[in-house]
Structures are given as structure tokens and as C-alpha cells.
């Protein structure tokens, strides 16, 4: 089997969302002498990328994304021993995410958190109806480089602006990127309140986070 | 100098575009729908007509004579008496007065009675009040009066309901447990919706409107289709309207099926036949508005999707037209230029049976 065929096998295994298939594909790749970094980058991560595209197109859904991420994690674990210390565990960046105070909507924000996690970010999901100060406290505690805020109601949108003001007051604004989302949020709103980006959906959130943080 | 036409972005902002820019956006929006839904493109004539509708100089437009369609109404009387930032205008009035105003002053062809919470679950403890109000409204009205509410399966999860929140379970990677929680919630939701409608039918209701079906994902739609099936068996003559929450059924469970069809990932033209199969006699397809795209892009996309849904549907389709759906910008009070143009396009090009 050529290297390209093995990478395709790895990628397809991740898209199948089956842990057994991923583990078998990784074992095969290892037996063929392919470097762990290549197995991850050109095989597993490529598969996760395809999963993200299928998610965006409504062909795969959150449980599938999570199963694929779990399967990929199992595959990476098999490679850890052969990789430089801590390389396997290294996260892309730390992100604090939550739905602002007064707003109990959870599903969209949770999908964003999961997609970010699945893409390699360390995500601290604060949940829903989050007191605004908690965003600031968590940023300080984790050293996060991005805050994501969701709001599904026009009445709770201003909470996003308030957190930005609080970041400024605490001298954190230059160190932290701000992403906003939720049904009533728009690019115009993001521009108006001085957020760094607006994301229409979970896939876009991952793309924007990568653009801003990597 | 090139003539520019005033349009809206999906967030309501005014923009000025040339005919060429509008045509490009119409084509791109259409192509997005064709690609996602695997459905046919609009014809050249239909694109020309869309262009005509968008560029008409009048502030508002109407359908051609003879092409009028019935208008069904959801959200009950909340549009009048609601005053909590929910797009109601805060006019103090009883629900009887509200229903009658819709019938006699607003020209609604059907109306629905709804509770202020507008979800089935909170109706359970106030069912006697709902039954009494339905009876009084029926005694004073002529047009079909349905009972309307949202399935809103989210109310069955913690902290609002008895079952563990699948969102929390998912975050802990407990996928199987999350799925089981959705299955339990769906069973209870079906039971509650049937129980409530049995009582409303006993009070003279002409039927039911399941509004924003699928808002909590595929489990929400699963529960609703089973409630429809159950009610149709019990009441062969009742009106059953199934209106959707969004264009795509989100697969929060991912593997729930109805009549052998996986519910996750269904587009409007795939949802309509299933609603009919369950026993609905009216379907309300939805296409979401993208706030970052122009009205032309959104309308081209929405008309393409809805035309396919109308064609595939064995029952009449009353398209959802309002804040953030049907090509209309995402504004609490959508602008009449966009609402009237989108509505005209849905009737004359997508051939909807009603709005």
C-alpha cells in the first residue's frame, strides 16, 4: 500500500467515526514505518477536516463529530510513545466559551465548544447564563487567548459588549481575542462592539479561531 | 452611471447593488441550495422574475391578481399582547379579543390560540383555562381556530425537566447516555402533546399547529411526527399543521428514524413527505436567512429550496415568512420592502399554497 493510500485509509477511518477502524488503520500505518507526525497530520487530521466539512453541509452531526474525535484521540494515543514528550498533548490554544448572563440557550454554544475541542483547542465551556465576571475570571485563571460568547436573544446581546469593556478595564483586551455568535449577532454587531470576529456557525467558529490564533 | 437598487443585507442593513451584482447573488444563493439539497436549479425565466421582483421601484409589492393565497398565523395572540421583547406590541387585550382582531381586522384566514409560554409542556398545569378559552373563542369566531404551541423538547431536560441534559452529557463524551436521554424525552413529549390536544379537541378546537418542529433537533421532530400519527388516528377530520423551526433537521441524536427515514439532515423537500405520511394536512417549510449575505442571495436560495419542497409535498405548503426566515432579514420587525418581495416570490415562483 502506498503512503497516500494509507493516509486515505486513516482519513476514511476517522470519517467512519469508528474507534476500532481508526486503531486498526494507525497500527497498519505504524507497521509501514510512517512517522507519527505524518500519520496524525496527513491521515487523522485530514479525516477530521473532512468530518468538519460534512458537519457544515448537514451530512454528519454532533454525535458523529464527537465519535470521530474520540476515535482520533484513541489513534493519537497509540502514537504517543513514539512522539517527543508532550507533543501529543499540546493544544493549539486556550479558549473560554459560554452563553452570556440572562440567556439560557445552550445547544449552539455547546456545538461550537465541541467543534473547537475536536479541532485541537483547549476549551473551557462555562455553560449558559454565565455571569459576565466569570468570563474574565476564567481568562485570568487559564491564560486563555480567546473568549467566545454566545447570545440567542436581542435582550442579552449587550452582555457581549460588556465583557469586552471589562476586558479593557482589566488590561486584558490586547491579549485576548473576542469571538461573538448567536442568532441575533451579526458582523455589523461584532464591528460595533469591537469584537475580533463573528461566526455564523460552528464550522466558521473553528475557521475564525484558527485564523486569529494560529 | 450604473443604476443601483436598494436592498437589504440579511441583518437588515441597507445596501445598494447593481443589476449585475444582484444577479450574481441570486445565482450564488440558488447554487448553494442546489448543492446542499441536491435539488434542481431555478429556470432562466424564474431568475428573471426574481430580478424583476427585487428591482421593482415600489416600496412594497403584492402578488398578481388571482394569485392570492391564504395566510395562516402562528404565535397565537402574542404578537398583540406580548410585551417582553418578543416582537409583541404590548397592547393589553384578552386572547379572545386578540383572536377576533386577527380574524376581523387583520384578515387572517386561520388563527391559533396559544399560551404565553407557547410550548406544550407549560400548558399541562393550565389545561382547564386553555380549554375554556378555546371554547369561548370558538363561540365567537368563524375562521378555523387551531391550538398552537412549540414541541420545544428542551423543556424536558435539566434544569427545566426530568431528563439529563444531552448537552452536558455530550460534553462529557457520554454519547450513548445523551441519546437515551433524548429518546426518553421524545416519548414524554409525544405523550404530553397528544394529551393536551385530546383536551383541546374536546373543547372545540379545529386542530393543532405544531410550531417550530425540530427546534431541539431530530428528537423533537421524531416526537412530533409520532404525536401527529397518534392524533390523526383518533381524529380523522382534525387539521394538523406541522411548521418547522429551521431548514435542516439537526441530528443531535443522529440515528432517530421515522418510517425508515433517518431524520437528521433532512431538508425541506425531504421533511414534507414525512409530515404528510404521519398524517399532517399542512406543512410549513422554513429556509434560514444568512445575516452576512444580501437579500438577493437569501431569496435566491430560499425560493430554490421552497420550490423543491412544494413540488415534493403531497400536502399544501404554507411557507414560513418572517424574522430571519424565507429570505427575510433578521429583524424583530422585518421591513415591508423585503417581506412583500419575498412573499411575492414565494407565491409566484415557488408556488406555495399559503404563507
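The values are calculated or read from the model by the stated rules, or taken from the named source; none is laboratory data. From a predicted model like this one, the values you see are computed outputs, not experimental measurements. Note that each Cβ is placed from the backbone with ideal geometry, even for glycine, and that neighbours are counted across all protein chains shown.
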Original post:
Looking at (1) surrounded by 21 or more Cβ atoms within 10 Å (Cβ to Cβ); (2) within 14 Å of chain A (Cβ to nearest Cβ); (3) on the phi > 0 side of the Ramachandran plot, which is the only condition residue B:326 fails?
Top reply: (2)
Original post:
Among the residues of segment A:191-214 satisfying the criterion of being within 13 Å of chain B (Cβ to nearest Cβ) and touching a strand residue (DSSP E or B) at 6+ places or on another chain (Cβ under 7 Å), which is farthest from residue B:291 (Cα to Cα)?
Top reply: A:208
Subject >> Of all residues making up segment A:19-39, the number that are touching a residue at least 40 places away in the same chain (Cβ under 8 Å) and either more than 30 Å from residue B:217 (Cα to Cα) or surrounded by fewer than 16 Cβ atoms within 10 Å (Cβ to Cβ) (or both) >> reply: 8
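Can residue B:118 be described as more than 14 Å from chain A (Cβ to nearest Cβ) and modelled with pLDDT under 95? Step through it out loud before you land on a result.
Working: more than 14 Å from chain A (Cβ to nearest Cβ): yes; modelled with pLDDT under 95: yes.
Against the criterion (more than 14 Å from chain A (Cβ to nearest Cβ) and modelled with pLDDT under 95), residue B:118 qualifies.
Taking residue A:188, is it out of contact with any strand residue (DSSP E or B) (no Cβ under 6 Å at 6 or more places or on another chain) and within 12 Å of chain B (Cβ to nearest Cβ)?
yes
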**OP:** Identify the residue in segment B:14-36 that is in contact with a helix residue (DSSP H, G or I) (Cβ under 6 Å, 6 or more places away or on another chain) and within 14 Å of chain A (Cβ to nearest Cβ) and, among all such residues, is surrounded by the fewest Cβ atoms within 10 Å (Cβ to Cβ).
**Re:** B:32
Subject >> Single residue of B:191, B:199 found to be more than 24 Å from residue B:320 (Cβ to Cβ) and touching a residue at least 60 places away in the same chain (Cβ under 8 Å) >> reply: B:199
**OP:** Could you figure out which of (1) more than 18 Å from residue B:252 (Cβ to Cβ); (2) part of a loop (DSSP other than H, G, I, E, B); (3) within 11 Å of chain B (Cβ to nearest Cβ) isn't true of residue A:92?
**Re:** (3)
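Got a number for residues in segment B:272-296 being part of a strand (DSSP E or B) and at pLDDT below 95? Break it down stepwise before answering.
First pass over segment B:272-296, keeping only residues part of a strand (DSSP E or B): B:282-284, B:288, B:294.
Then keep just the ones that are at pLDDT below 95; that gives none.
Number satisfying all stated conditions: 0.
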Original post:
Among the residues of segment A:133-148, how many are in contact with a strand residue (DSSP E or B) (Cβ under 7 Å, 6 or more places away or on another chain) and surrounded by fewer than 18 Cβ atoms within 10 Å (Cβ to Cβ)?
Top reply: 2
Original post:
Quick one: which of A:115, A:153, A:179 is more than 12 Å from chain B (Cβ to nearest Cβ) and either modelled with pLDDT of 90 or more or buried (at least 16 other Cβ atoms within 10 Å of the Cβ) (or both)?
Top reply: A:179
